[in-house]
Amino acid sequence: MKLLLILIIGFLGSLINNYGVSSTEICTKGIDQVIYDDQLGYTVSDWSWAKPRNFSNFKPVHSGSHSISFVPKTYEAIYLNLQNPIDPSIISSVSFWVHGNKVGNQKVIVRFTSNKVAVSRDFFLWGDESVILADPSVSSKALSKNIQGGKWVNAVINCDKLEPGQYDGIQIAASGEDIQEMVFIDDIEVNKRCISTNPYRNLMKPVTCDGHDCIVINVTETSNQMRWFANEIEYQKYTVTMKNTNTAAVEVLEFTGNWFKPRNSSDIWNVAFLEGGYYGLPDNVKVIYPGQEYIFGCVSVKGPVSFKVSYVEYENDKDRLTNVKQPIQNNSKPPGKTVKPTPKPNIKPTTKPTTSPTAKPTASPTTKPTIKSTPATKPTA
């Protein structure tokens, strides 16, 4: 019965074009593993940090007698650790059902983990990029792929949207700090890939990029041991990697925390501190060549730590000003761009014209004529 249901869902998915499943991309060859179906699968562990949460919720349920419930707030998540990892080369999709209680429209994201750290892109459960199959009964196209109030909707994540690798967990997390209405999750399943007809193709592989998009940012927890509590708040040490995927070298880079909650300024290192809470390349990093990575470390309140690029300049930028790293370190963009030329006119003209030209004419002409006039007196003597 479940196999028939999966085939029907696959057929409907081929008719509906969305971010998680685009037309005719998905072919499923049965269920690989059940992550949740009335209870967690035998090889699945609850590593969630969402409170409260309930894995034996009685109502509503999509099938069977139980579902998962949690309140999305302050980036908390349901985190399901998998002993049998998800390999996109043999897995076509991950599907589940979600219910939005009375109101719906909760802002929830899904992430996949590798080595116990969230590494995949965010899969949204709302908006145009939602992985929820569009509900034809919703008149508003903008809301048709949101979590719906009072009904179950199906979310399907295309594993071609994952980088190659082994994914050992799934996080279903709140996006934002607001307390939202309770959400219900049911029937989480991992589907086999039709390898012969639909082999894995990495849809996340960058083909071209422009500007900020060429800086790929990856944040990972340094280790499970590098975490501690202070005033009942959990902190974690993170490693941040910024990779230049452009064909030109990066010579100026400025970024800021997207979600970053340090204790103080010493909780981030190997960066230059700029005004307005921005960071830049440190003195020891002059340039990031194509394919090269720039790495820095930080400590933050445990959560979905992320950074975003606010300004970047490449070596082939036409209007790029030379030697701008020093001015940028004292100014944030966009205002910093206006300030860049200021130090140059003020420093160079003031120093050289005043010191050099005055010193040379005075020393040279005055001394030499006096020395040459001495031999003229010798014949007279």
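The values are calculated or read from the model by the stated rules, or taken from the named source; none is laboratory data. Note that the structure is predicted; figures quoted are calculated from it, not measured. Cβ placement follows ideal geometry from the backbone for every residue including glycine, while neighbour counts extend to all protein chains displayed. In case anyone asks, the SASA skips ligands and DNA or RNA and just uses the protein heavy atoms, side chains included. Shrake-Rupley method; radii C 1.70, N 1.55, O 1.52, S 1.80 Å.
Separation of the range 250-276 and the range 124-192, taken as the distance between their Cα centroids, equals 32 angstrom. At the residue level, H62 shows approximately 60 square angstrom of accessible surface with a 1.4 angstrom probe and all protein chains present. Projecting the Cα atoms of M182, I215, Q166 onto the charge dipole of the range 151-215, computed from C-beta unit charges around the Cα centre, puts Q166 farthest toward the positive end. In the context of the full protein assembly, V110 retains an accessible surface of approximately 0 Å², using a probe radius of 1.4 Å and ignoring ligands and nucleic acids. Surface listing: Y289, Y42, Y200, Y36 arranged by accessible area from highest to lowest gives Y42, Y289, Y200, Y36, probe 1.4 Å. For C209, what accessible area in Å² do you get when you roll a 1.4 Å probe over the heavy atoms of the protein chains, rounding to the nearest 10? Roll a 1.4 Å probe over it and C209 shows about 50 Å².
Spin-label model, C209 to Q292: label points 7 Å out along the Cα-to-beta-carbon direction sit 1.5 nm apart. The order of R111, R193, R263 by accessible area, most exposed first and with a 1.4 Å probe, is R263, R111, R193. When the listed pairs K73/K116; K73/K192; K59/K116; K102/K141; K141/K261; K145/K237 are checked against a 29 Å cut-off, the alpha-carbon distance exceeds it for K73/K192; K59/K116; K141/K261; K145/K237. Given R0 = 35 Å, the distance between the Cβ atoms of S63 and K141 translates into a calculated FRET efficiency of 0.75. Normalised radius of gyration (Cα atoms, divided by 2.2 N^0.38 Å) for the range 67-172: 1.08.
In terms of accessible area, using a 1.4 Å probe and ignoring ligands and nucleic acids, K161, K102, K308, K243 rank largest first as K102, K308, K243, K161. A dipole drawn for the range 98-231 from +1 and -1 charges on Cβ atoms has a positive end, and of N191, G100, N115 the residue lying farthest that way is N191.
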